[in-house]
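The values are calculated or read from the model by the stated rules, or taken from the named source; none is laboratory data. This is a predicted model, so every value here is computed, not measured. All accessible areas refer to the heavy atoms of the entire protein, side chains included, with ligands and DNA or RNA removed. Shrake-Rupley method; radii C 1.70, N 1.55, O 1.52, S 1.80 Å.
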Amino acid sequence: MTTQTWKFTVEPAEEYLRLDQLIAARTGLSRRTARAVLATGGVQVDRKRVRVAGRTVKAGTEVRVAHDDALGQPQDLPVPVLFEDDWLLVVDKPGGLACQGTQASDRHDLTALLQRQRPGQMLALQHRLDQGTSGVIVFAKQAAGHLGGQFQARTVAKTYLARVSRPQAAATVDLPVGRLRGSRPTRYGCEGDLADPRPARTDFRPATAEETAGLVPGHWVVAEPHTGRTHQIRVHLAHLGNPVVGDHYYGGEPSGQLWLHAWKLVLEHPVTGATLALTAAPERFLAPAERP
C-alpha cells in the first residue's frame, strides 16, 4: 500500500477553481484521479470529507488530500458474526481490513462494509484493531450498547494470539507507549523520543500445545494487554526482541500478513449485565491440512 498525502491552504487566486482542478494543480494528480480520490473520501476541507468535484473553496481554507494507489474497489466479503442481539454486534474482523475510514478512504473498511450489508443499521465501533490484525471486534447497534465506560475502566479482558520468530518466555512489559517523533509512516515505541507516552502493560506467555493445535507450526505467544494503546502488543514484543511475524513496522520476520489475532474478549453486557465470553477462532492461521 502506497499512500501519498498533501496539505495546503487555498490562495485567493484559486477560489474560482473547481475542487478537482485545485487538487490536480496542487498535487500533480490528473483530474480523473482527483475525482476518484474525492469519490473514495480522500479529500477533507477544513477536516470534513467532501466528494463534490465541482465545489469551489474560499481562500484561507485548509485542504487535505490522501491518495492510495492500491485501494481498488471496496471489498464485498462475508464477515462472520460471533454474537448479536438488539444492542450489540460482535464480528470476526478479517486481517488486512481497516476498522474504520482512513485518510484515503471511508469506503474500504470494516464499518463501511457492514453498513453496506446492513443499510440503515446504526453501527458504532466500540474499540479498534490494527488493520493487519484479525479477530473479535464489537459494535453498538444503539446508544444503550456503548461500552466506552468498560474500556476506560479496563474491566474488559482481552486475549490475543501472536506468532513470533523464536521461543518467548513468560514476561510482563510495563512501559509507556507513545508515538515516535519524526517517524514516517507513524510508528510507536516504548523508549526513545516519544510524543505523549501513556502507561501500557502487557502480559505474555507461551501458548500451549492445546491452544495452538491445528495452527501453522511455529512459536506462538498469548498476549493479555491491560491497556489499549496503539500498536501496544506489537511494540512490547519488539521491545522483548521478538516482534510479531509479518510486522514490518517493528522488525518482524517478513511475511505476507501480520500474525496477530484478537482471540478472546470478556465483557459485561451493557444492558442485561450478563458476562459475554466472545471467541474468534484463528482460522486464517490454520495449517493447510486443517483448513475447511
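Overview of results
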item: Per principal axis, descending, Cα span of segment 44-123 in whole Å; result: 50, 29, 17
item: Area of residue 253 that stays accessible when all protein chains are in place (1.4 Å probe, Å², to 10); result: 90
item: ³J(HN,Hα), Karplus 6.51/-1.76/1.60, whole Hz, each residue of segment 45-50, x for Gly, Pro; result: 10, 6, 6, 10, 5, 10
item: For the chain: relative contact order, % (alpha-carbon pairs under 8 angstrom, 6 or more apart); result: 15
item: Whole-percent pair-distance distribution, where bins are 10 Å wide, for the alpha carbons of segment 195-292; result: 13, 39, 33, 13, 2
item: Segment 61-198, accessible surface, carbon-and-sulfur percent (1.4 angstrom probe); result: 46
item: 3J(HN,Hα) from dihedral phi, segment 216-230, Karplus parametrisation 6.51/-1.76/1.60, rounded to Hz, x for glycine, proline; result: 3, x, x, 9, 10, 10, 9, 10, 10, x, 9, 10, x, 7, 4
item: Probe 1.4 Å, accessible area per residue of the chain, Å²; result: 50
item: Hull-based mean projected area of the chain, where the convex hull spans the alpha carbons, in square nanometres; result: 17.3
item: Candidate residues 202, 9, 40: accessible-area rank, largest first, probe 1.4 Å; result: 9, 40, 202
item: Placed amide H near residue 88: partners under 5 Å, 5+ positions off or other chain; result: 141
item: Shape category assigned to segment 133-241 from the gyration tensor of Cα positions, a/c cut at 1.5; result: oblate
item: Entries of 7/93; 48/141; 7/58; 93/141; 7/158 with Cα pairs more than 26 Å apart; result: 7/93; 7/158
